[in-house]
Amino acid sequence: MSTAEAAIGDRTAAHEHVDHDIPFIRKYVFSTDHKTIAKQFMFMSLFFLVVGGLLAMMMRWQLGYPSQPMPGGAILPETMAPGGILLPEFYNSLVTMHGTIMIFFAIMPLLVGFFGNLLIPLQVGAPDMAFPRLNMASFWLAFPAGLLMLASFLVEGGAAGAGWTSYAPLSASGEYTGVYLGQQLWLVSLTILGFSSLAGAVNYITTVINWRAPGMTWFRLPLATWSLFITSILILLAIPILAGALIMLLFDQTIGTTFFLPAGGGEPLLWQHLFWFFGHPEVYILILPAMGIASDLIANGARKPIFGYHAMVLAIIGIAFLGWIVWGHHMFQSGMNPMLGTTFMVSTMFIAVPSAIKTFNWLGTLWGGDIHFTTPVLHGLAFVSMFIIGGLSGIFMASTPVDIYIHDTYFIVAHIHYVLFGGSLFAIFGGITFWFPKLFGTIMNERWGKIHWVLTMIFYNLVFFPMHSIGLQGHMRRLYDPTQYEYLEPLQPMNVFITISAFLLIAVQLIFVVNFFHSIWKGKKAGPNPWNANSLEWTVPSPPPHGNFATVPVVYRGPYEYSSPESDEDFLLQTTPPRDQQQPEPHATPAPEGA
Amino acid sequence: MSWMLPESFSTFGGDIDRIYYIILWITGIAFFLSEGILVYFLFRYRHKEGRKAKYVHGNTRAEIVWTAGTALIVFIVGMLSIGVWSRVRTQLPQDAMEVIVSAKQFEWNVTYPGQDGVIGTEDDFTKRNEVHAVVDRPIIAYLRAEDVIHSFFLPDLRVKQDAVPGMETPVWFEATETGEYVVGCAELCGLGHYRMAGTLTVHTAADYQAWEQAEIQAAGQ
Amino acid sequence: MTTDAMALERGYMPGMRVYNLKLGMWVFLLSEVMFFTGLIGSYIILRFAHPTQFAEPGVVLNVPLTAFNTFVLICSSVTMVKAYAAIATGDQKGLKIWLLATIALGTFFVGIQVFEYIALAQHGFVPMASAYAAEGGALYGSTFYTMTGFHGTHVTIGVLCLWFVLWRAWKGAYSADSLGGVEIVGLYWHFVDLVWIILFTIVYLI
């Protein structure tokens, strides 16, 4: 054994030794193990996902039954819902916080904080992240940021109420919304979260570049890692822009600067440019990891290599790159120079192309496959089918003249939710189910997983598909009481339908919650590779020990060599040596008589 | 649950709607094709005893074809849209009526030119939440905002433009039928955003004259 | 042996011939580029959109003093390079001396900036309104203080990091084979200097 091998061996042994001896606080609370940090992000984000969902339920109540007392509304204070009837200002806060919490404290930390932390070191073959303590800091910045965001509900004036997009001047001065401290806490919370995201991005980028196992060339990385790597670059470059904007807005609110206040010579449109220059890459941050996860799930389900792996990588890079030059499509009607509308429309049209390429490649992966409909695969398929709808609906709004009509209507809301829920969230459900063994050593219940999937698919579509229609009839966004517009009154039955479907949708999520927690303790024990997959995380025990790999893995091939002629099985681990390099199997010693 | 648009009542409404329907056709076909293929594959290639998946890594020619195809389609949609956008946004009509629409929390204040027919003079008069126009005659509304961003939305005429404080943004339209239409606010502007409804009344030329005279009289008193 | 060296020997495939800490610092600095781009870009946009809100540099700001301050900061980059060069040849004493010099110059820079802020504030030039009414409006103060203030904050953080590195140097943590900490704080310091040169040019000279 070389000295280096001994050194690595020592290090692993030392870790194990340390593993038994470190106090609870160091092992589970202030942990530097990426798998523990992943779990922390997961639990935090799932909690916020529930909070975001409950906020949406309150919104849906008001939309379905405007100004009627909400069941359970009596527990809300007078400042939010006197007599259980939601106030308009509280409704605006609900709208704002639903979006903010879902995007920043649920989806983003699930995809990036949770899956990034769990998968990257395992899939590249590293013992941990490049900077484990920075990783710990990343979680311990995100969590307080989330608490601060929740706390803003309790301050005088309530939580931020200017939309998750926080347009100035509405957001720049409390006199316009009645919200003072709440808006400031919103800004501070997101700034702190920004630091968390940046720390994560630095870690992920360095780890993927420098900690790939021997033989793990760039084009042997699973698409989940590829997508997380590219996403991290987007985070690295986009979050600082948001930070600058948040700080400028905070200064406008608190110390009297006038960046976005026309009264002091400022420019409201500057906020929009800054916000969307961040905001558009942000939406790709929210979808790319989901695409990567979906790829891993679908290839696994179809028992086939990913169709067009190189094209898939190029498409991820293409989406990320083009994502920087389309931000103005959120501002077509903003009053900015119409010429810019034309240029942004053209760039926006083209960003449809790499997304389409990916969709065709997923179909190509299924073609000629041997498709096993496990729960993770079902979620991956849901991702593709729902993303098709969300992506196609985007083409309508990409066309500037059509956007004149549908901008700021429920058509946009439908689009957003098809890509974020139909896309990202289904991929998240699928990913949690798929990698559950690596988290807890057990496997989630298949039957209940499928039941959850079917019911979610049904109710989810019942909630969001009709939103295309009411948007096309002219139903605007963020309306406390649509019935104040006479022409929207005929759409009320549809609002009621959507509301009831939404209640059923969230109720059905209980199945997932129960399955999740039940499976942690009572689930069937899982071996290292219950799904017969190929990437490195499936070569180690479920869950992997501290340090992940007992010996440094050596990689011989890509991660999608399903049904390869080189293997007797329909899968072939990345670390299995090629036939000509394999050691002959040792002869099994016969069992003693009578044993 | 309809993908049809409600009827439009402006000159460029038809153009906008046409682009919408073209996109609807294209995306509709794409939707049924792709989802159809997806469902078909799931059925055709579902796991069966003895089935072996094709060990295929891709097909470069297919990639090129569907990439080029998609790019061509979106390019066409873009090109079709540019003309309409330009007509609606950058080409203000000559010989149009002019009004100033000043949005504030939570109402629309519309200023009319008054007797001298020129906007911005002493004899202008202002109405709350009432936009008046003449059928088959273009009108330019100069949008302003006193406090926060609002958005001037005339769904039936396919008009939408943000009113931004510190800016004056012209938006024009030409109504094709007399009648009363809704004016709405399409940008979150505070707690009263939901009740910023107004009315657009499209008159015949004669009716408009009569209305205008009555208003001028009333304003003079 | 550092984990990087171990990883290399075991065949891990570093994508760049740069050890982890250094790669991490470069990546982080990329994000800082974007941050200052956002602030400076906003300033440029606002300046073009509302030129009357801004005064010519020399009218409100003390350009000669700040020019001298710029020189001070550039000198501190030189001393930082000397510190790195010292430890690269194993010169522990040189390392400490040049680190101390860098800290001193950096602190001096921040001090001058604080002095400048106080002087400006006394004349009524504050982040919100401008008493120099004829020479600009609220936007001028808003942008000036935000940009230079955040830069100053970065310098201050840099000085604190330098103190930390100096303390570690005192404990003998660095050698010719193990100078990552010095190198990355140096990278950060040079970056902060570069941002200042750009900022000084845009705010004080143009």
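Before moving on, here are some points about what is shown:
- Dipole size of the protein assembly as shown about its Cα centre, with +1 on Lys/Arg Cβ and -1 on Asp/Glu Cβ: approximately 3520 debye, rounded to the nearest 20.
- Between residue B:46 and A:371, the built amide H atoms are under 5 Å apart, and every one of these is 5 or more places off in sequence or on another chain.
- Chains B and A together bury some 7500 Å² of accessible area, summed over both sides, with a 1.4 Å probe.
- Span-like helix ranges in chain A, DSSP H, alpha carbon extent 15 angstrom or more, Kyte mean at least 0.0: A:34-64, A:132-151, A:181-210, A:223-254, A:268-302, A:309-322, A:338-366, A:375-398, A:426-440, A:446-472, A:492-522
- Label-point separation in nm, residue A:569 to residue A:75, each point 7 Å along Cα→Cβ: 4.8
- Other protein chain Cβ atoms within 10 Å, averaged over every residue that makes up C:46-59: 2
- If you plug the beta carbon distance of residue B:54 and residue A:504 into 1/(1 + (r/R0)^6) with R0 = 35 Å, you get a FRET efficiency near 0.30.
- Calculated FRET value between residue B:26 and residue B:86, using beta carbons and R₀ = 30 Å, to 0.05: 0.90
- Under the combined filter of DSSP loop state and at most 11 neighbouring Cβ atoms within 10 Å, the stretch B:115-197 retains these GluC sites (Glu not before Pro): B:122.
- Kirkwood Rh in Å, taken over all unlike Cα pairs in the protein assembly as shown: 30.9
- With a Förster radius of 51 Å applied to the beta-carbon distance between residue C:89 and residue A:317, the computed FRET efficiency rounds to 0.75.
- 5 angstrom amide H check on residue B:175, placed H, neighbours 5+ away: B:136, B:137
- Distance between the 7 Å Cα→Cβ label points at residue A:254 and residue B:180: 5.0 nm.
- The value for the stretch B:106-188 of Rg(Cα) / (2.2 N^0.38 Å) is 1.08.
- The stretch between residue A:462 and residue A:21, if pulled fully straight at 0.36 nm per residue, gains 153.5 nm over its current Cα-Cα span.
- Residues within the reach of a label modelled at residue A:446 (point 7 angstrom out along Cα to beta-carbon, backbone nitrogen below 18 Å), restricted to the stretch A:294-318, are A:297-304.
- For the pair residue B:118 and residue B:210 in one chain, pulling the backbone fully straight at 0.36 nm per residue adds 31.3 nm over the alpha carbon distance.
- Taken along the Cα-to-beta-carbon direction at a fixed 7 Å, the label points for residue B:128 and residue A:218 span 6.4 nm.
- Expected 222 nm ellipticity per residue - DSSP helices of 4 or more, -39500 (n - 2.57), all of the protein assembly as shown, to 500: -19500 deg cm²/dmol
- Potential lengthening between residue C:122 and residue C:97 on full extension [0.36 nm per residue; Cα-Cα distance subtracted]: 5.3 nm
- Which of A:526, A:91, A:222, positive extreme of dipole for the protein assembly as shown (C-beta unit charges): A:526
- Packing order of peptides A:497-510, A:151-164, highest average first: A:151-164, A:497-510 (average count of other Cβ atoms within 10 Å over each peptide's residues).
- For A:343-355, mean number of other protein chain Cβ atoms within 10 Å: 4
- The HN-Hα couplings worked out from phi for the stretch C:140-149 by the Karplus form 6.51 cos²θ - 1.76 cosθ + 1.60 (θ = phi - 60°) are 4, x, 4, 6, 4, 5, 5, 5, 5, x Hz, whole numbers, x standing for Gly and Pro.
- Applying a threshold of 30 Å to the alpha-carbon distances of A:304/A:524; A:35/C:171; A:39/C:171; A:525/C:22; A:358/B:160 flags A:35/C:171; A:39/C:171; A:525/C:22; A:358/B:160 as lying beyond it.
- Cα-centre dipole for chain B with unit charges at Cβ (Lys and Arg positive, Asp and Glu negative), debye to 20: 2280
- Under 5 Å between amide hydrogens, built in the peptide plane, is the criterion, and for residue A:258 it picks out C:142 among residues at least 5 positions away or on other chains.
- For chain A, the percent of C-alpha pairs falling in each 10 Å distance bin, counted from 0 to the bin holding the largest distance, reads 3, 16, 27, 27, 16, 7, 2, 1, 0, 0.
- Loop sites in the stretch B:1-106: GluC sites (Glu not before Pro), DSSP, at most 10 other Cβ within 10 Å: B:7, B:49
The values are calculated or read from the model by the stated rules, or taken from the named source; none is laboratory data. This is a predicted model, so every value here is computed, not measured. Because the Cβ atoms are built from the backbone with ideal geometry, glycine has one as well, and the counts that use them run over all protein chains shown. Ligands, DNA and RNA are excluded from the accessible area calculation, which covers all protein heavy atoms including side chains. Shrake-Rupley method; radii C 1.70, N 1.55, O 1.52, S 1.80 Å.
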